[in-house]
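So the structure is just underneath, and the comments pick up after that.
The values are calculated or read from the model by the stated rules, or taken from the named source; none is laboratory data. Keep in mind that what you see is a predicted model, and the values were worked out from it rather than measured. With ideal geometry, Cβ positions are generated from the backbone for all residues, glycine too; neighbour counts draw on all protein chains shown.
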Amino acid sequence: MKGKLNKIYKRLYRHFGPQHWWPADTPFEVMVGAILTQNTSWLNVEKAIRNLKKEKVLSARKLFALPDQTLCRLIRPAGYYNIKTKRLKSFLGFFLKKYKGAIKRMSPGCLRQLREELLAVNGIGPETADSILLYALHKPVFVIDAYTKRILLRHGLIKEKAEYRNMQELFMQNLKQDARLFNEYHALLVRLGKEYCLKNKPRCEACPLK
């Protein structure tokens, strides 16, 4: 399995090159984006982020202080804005209470403890928690999303009923524990899923993993 995963990574890297993901100006912006991107496209998230920047409220304390109605309006492009407002406020409440809204206070924490804390926040599931850990805090944890599962399934590396934890262990037990590697690998899988391994009408004949 180790050989297969390394081969996939090398082929994707040769084909696509470095992805420079996650696109954000600050780690806090990554955190907000990780919550907003639930059940929507990144293009919609970018619109919501631009709204927050335009209003100059993209900080933990300013966002938390906003009336829910105002926050709903600003993040509306990301969809499910009522739900996401509640989830953002839940995360911000945790972040401010536990870490004073400071990345520098949070980032030294151990991976396991931080993951448990994030999963205890209302509205944050494994994918969102791991995205925050990997892309904002640079912790060596592999993010599993719909693209990754689809690719693994179609290449016979997992079974249909594979759970998040099983898929994550596939990478973390067979690859070097390196946040930069996990970052790049996941971003490459997302690129493959968006351009070739489509949900409907996949472009298998042109796939770089063919």
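Enumerate the helices (runs of 4 or more DSSP H) found wholly within region 46-139, keeping only those where 2 or more residues are closer than 14 Å to residue 36 by Cα.
Values: elements: 60-65, 68-74, 81-99, 103-106, 111-119, 126-131.
Once the helices (runs of 4 or more DSSP H) in region 46-139 are filtered for at least 2 residues that are closer than 14 Å to residue 36 by Cα, what remains is 68-74, 81-99, 126-131.
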When you check residue 160 against the structure, is it part of a helix (DSSP H, G or I) and either within 19 Å of residue 209 (Cα to Cα) or out of contact with any strand residue (DSSP E or B) (no Cβ under 6 Å at 6 or more places or on another chain) (or both), yes or no?
no
Please state which of the following conditions residue 33 fails to meet, knowing it meets all the rest: (1) in contact (Cβ under 8 Å) with a residue 40 or more places away in the chain; (2) crowded, with 18+ Cβ neighbours inside 10 Å; (3) in a helix (DSSP H, G or I).
(1)
If residue 164 meets every condition in (1) surrounded by 20 or more Cβ atoms within 10 Å (Cβ to Cβ); (2) outside the structural domain of residue 40 (by TED's automatic domain parsing); (3) of a type in the set (Phe, Trp, Tyr) apart from one, which number is that one?
(1)
Only one of 50, 73, 105 is of a type in the set (D, E, K, R) and under 20 Å from the mean Cα position of the chain (by Cα), namely 50
Can you tell me which residue is farthest from the chain's Cα centre (by Cα) among those in region 184-194 that are surrounded by 14 or more Cβ atoms within 10 Å (Cβ to Cβ) and more than 12 Å from residue 13 (Cβ to Cβ)?
193
Report yes if some residue within region 91-106 is surrounded by 20 or more Cβ atoms within 10 Å (Cβ to Cβ) and within 26 Å of residue 6 (Cα to Cα); otherwise report no.
no
With respect to residue 40, determine if the residue is within 19 Å of the chain's Cα centre (by Cα), modelled with pLDDT under 95 and either assigned to a helix (DSSP H, G or I) or farther than 28 Å from residue 174 by Cβ (or both).
yes
